[in-house]
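Trainee: Following this message is one structure expressed as structure tokens.
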Amino acid sequence: MEDLRTGYQITWCPGCTNFGIYTAIISTLKELESEGKIDRRKIVFASGIGCAGKIHNYLNLSSFSGLHGRALPLGVGIKMGNPELTVLVFQGDGDTYNEGMDHFISSCKENVDVKLFVHNNQVFALTTAQHTFTTEEGYYSKSLGMKVFEKPLNPIALALLSGATFVARGYALWVDHLKYIMKEAILHKGFAFVDIIQPCVVQHDTRKYYETHMYKLEDVGHNSTNFDEALKKALEYDYTLREDAKIPVGIFYKGSRITLHEGLKLQPFYKINRELNLDVLSQITV
Ligand SMILES: Cc1ncc(C[n+]2csc(CCOP(=O)(O)OP(=O)(O)O)c2C)c(N)n1
Ligand code: SF4
């Protein structure tokens, strides 16, 4: 796996669950490569700002580090510029569901052929754990100066209702399971969204809670081609960390629909003839 690591000093806290996501993506890419299903020279990834966004320093692939909440539109732009590329995006929950929410909904609706991996620690971790849209009720938020009183957003249900064609939830420390989801996401044609539960072990350590409440969708015979069943499963858990919750992880839904670049009939930028026809230009009158 070494050649997919940059060797830069990793500044995530010791024991951070981001290491699970990092390990999973590296071994996913290695496996897909050895199966001849991807070419690493044709992979580009974009990341945002925050602990999640740091991944771009550590992954030895072509990348673009964007502004907070704006890695997804960067990924969309890269795909539109060259549809031959495999485009991966890594963002935090603050990145995706707060700052960049409009891009998230647009990507689901337009079925942009980009793969989005959200490191969902349910806080703005890098800036010391203010609440985000997926923080549970009752969490004391420094930015609010009181406990969160709103219901959290359910990104799985939102993605399904917004038209996403691949919707999944993983857990950062179930690396093999996450790898299985990532492989399917990368091979999916269209927008693939994976919400990865990624407890912040220093500021919002929900590991014990999740590990005692999660179950795998594959173990209960879930049919991921059935939209109604997927939505029902999505609504089983509402991100409020209830004591009686049962939390499904795995692939909720896999569908098929025309992608944005197919609909727009886009060609890779390098195949477009950009020669200027000066005769035409000279005929233009203003
Ligand atoms: C436009 C913009 N808004 C706010 C910030 C400040 N900021 C930097 S990191 C961060 C928190 C990131 O949280 P999240 O996206 O959830 O990622 P995490 O750190 O939890 O991995 C914030 C608010 C910024 N850099 N840019
Ligand atoms: S603050 Fe939390 S999410 Fe960020 S590196 Fe540390 S443990 Fe990981």
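Here, each number is a calculation from the coordinates, and none is a lab measurement. No experiment lies behind these values; they were computed from the predicted model shown. Cβ: placed from backbone, ideal geometry, glycine included. Neighbour counts: every protein chain shown.
Trainee: Residues that are within 13 Å of the chain's Cα centre (by Cα): find the strands (runs of 3 or more DSSP E) completely inside segment 143-229 holding 1 or more of those.
Mentor: On the way: elements: 166-171, 192-197, 214-216.
Per the criteria, 166-171, 192-197.
Trainee: Any residue at all in segment 82-103 that's assigned to a loop (DSSP other than H, G, I, E, B), within 16 Å of the chain's Cα centre (by Cα), more than 21 Å from Leu264 (Cβ to Cβ) and within 12 Å of ligand 1 (Cβ to nearest atom)?
Mentor: Quick first cut of segment 82-103, residues assigned to a loop (DSSP other than H, G, I, E, B) only: 82-85, 100.
With within 16 Å of the chain's Cα centre (by Cα) added as a condition, the list becomes 100.
Still in the list and also more than 21 Å from Leu264 (Cβ to Cβ): 100.
In the following step, the residues that additionally are within 12 Å of ligand 1 (Cβ to nearest atom) were identified as 100.
Checked segment 82-103: at least one residue is assigned to a loop (DSSP other than H, G, I, E, B), within 16 Å of the chain's Cα centre (by Cα), more than 21 Å from Leu264 (Cβ to Cβ) and within 12 Å of ligand 1 (Cβ to nearest atom).
Let's see how each residue does on (1) in a loop (DSSP other than H, G, I, E, B); (2) under 21 Å from Gly100 (Cβ atoms); (3) touching a residue at least 12 places away in the same chain (Cβ under 8 Å):
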site	(1), (2), (3)
Ile10	yes, no, yes
Cys13	yes, no, yes
Ile26	no, no, yes
Asn57	no, yes, yes
Phe64	no, yes, yes
Leu67	yes, yes, yes
Met80	no, yes, yes
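Trainee: Oh, and also: Restricting attention to segment 187-231, report how many residues are within 16 Å of ligand 2 (Cβ to nearest atom) and of a type outside the set (Phe, Trp, Tyr).
Mentor: Result for segment 187-231: 14.
Trainee: Scan segment 117-142 residue by residue and report those that are assigned to a loop (DSSP other than H, G, I, E, B) and away from ligand 2 (no atom under 16 Å from the Cβ).
Mentor: We begin by selecting, within segment 117-142, every residue assigned to a loop (DSSP other than H, G, I, E, B); these are 121-122, 125-129, 132-139, 142.
Scanning segment 117-142 gives Phe133, Glu136, Glu137, Gly138.
Trainee: Another question about this same structure. Checking Lys265 against (1) free of Cβ contacts under 8 Å to residues at least 24 places away in the same chain; (2) closer than 18 Å to Gln122 by Cα, which test does it fail?
Mentor: (2)
Trainee: Return yes when Gly36 is part of a loop (DSSP other than H, G, I, E, B) and closer than 17 Å to Met101 by Cβ and no when it is not. Give the steps one after another, and end with the answer.
Mentor: Working: part of a loop (DSSP other than H, G, I, E, B): yes; closer than 17 Å to Met101 by Cβ: no.
No; evaluated as a whole, the condition is false for this residue.
Trainee: Out of all the residues in segment 204-226, which are surrounded by 16 or more Cβ atoms within 10 Å (Cβ to Cβ) and either in contact with a Ser or Thr (Cβ under 7 Å, 6 or more places away or on another chain) or under 20 Å from Thr165 (Cα atoms) (or both)? Break it down stepwise before answering.
Mentor: Applying the first criterion (surrounded by 16 or more Cβ atoms within 10 Å (Cβ to Cβ)) to segment 204-226 yields 204, 206-207, 209-210, 213-214, 217, 222, 224.
Those that are surrounded by 16 or more Cβ atoms within 10 Å (Cβ to Cβ) and either in contact with a Ser or Thr (Cβ under 7 Å, 6 or more places away or on another chain) or under 20 Å from Thr165 (Cα atoms) (or both): Leu217, His222, Ser224.
Trainee: Check Thr127 against each of (1) in contact with a Leu (Cβ under 8 Å, 6 or more places away or on another chain); (2) surrounded by fewer than 19 Cβ atoms within 10 Å (Cβ to Cβ) and name the one condition it does not meet.
Mentor: (1)
Trainee: Shifting gears a bit: Given the structure, is Asn277 closer than 30 Å to Gly77 by Cα, without any contact (Cβ under 8 Å) to a residue 60 or more places away in the chain and not acidic (Asp, Glu)? Let's see the steps before the verdict.
Mentor: On the way: closer than 30 Å to Gly77 by Cα: yes; without any contact (Cβ under 8 Å) to a residue 60 or more places away in the chain: yes; not acidic (Asp, Glu): yes.
Answer is yes for this residue.
Trainee: While we're looking at this one, here's another question. Could we say that Pro152 is touching a residue at least 60 places away in the same chain (Cβ under 8 Å), out of contact with any Phe, Trp or Tyr (no Cβ under 6 Å at 6 or more places or on another chain), within 30 Å of Asn111 (Cα to Cα) and buried (at least 19 other Cβ atoms within 10 Å of the Cβ) here?
Mentor: Details: touching a residue at least 60 places away in the same chain (Cβ under 8 Å): yes; out of contact with any Phe, Trp or Tyr (no Cβ under 6 Å at 6 or more places or on another chain): no; within 30 Å of Asn111 (Cα to Cα): yes; buried (at least 19 other Cβ atoms within 10 Å of the Cβ): yes.
Answer is no for this residue.
Trainee: When segment 237-257 is examined, which residues are found to be out of contact with any helix residue (DSSP H, G or I) (no Cβ under 8 Å at 6 or more places or on another chain) and exposed (fewer than 13 other Cβ atoms within 10 Å of the Cβ)?
Mentor: Answer for segment 237-257, where residues must be out of contact with any helix residue (DSSP H, G or I) (no Cβ under 8 Å at 6 or more places or on another chain) and exposed (fewer than 13 other Cβ atoms within 10 Å of the Cβ): Glu243, Asp244, Ser256.
Trainee: In the list Lys109, Lys79, which residue meets the criterion of being more than 16 Å from ligand 2 (Cβ to nearest atom), surrounded by fewer than 21 Cβ atoms within 10 Å (Cβ to Cβ) and charged (D, E, K, R)?
Mentor: On the way: Lys79 fails: surrounded by fewer than 21 Cβ atoms within 10 Å (Cβ to Cβ).
Within the list Lys109, Lys79, the selection yields Lys109.
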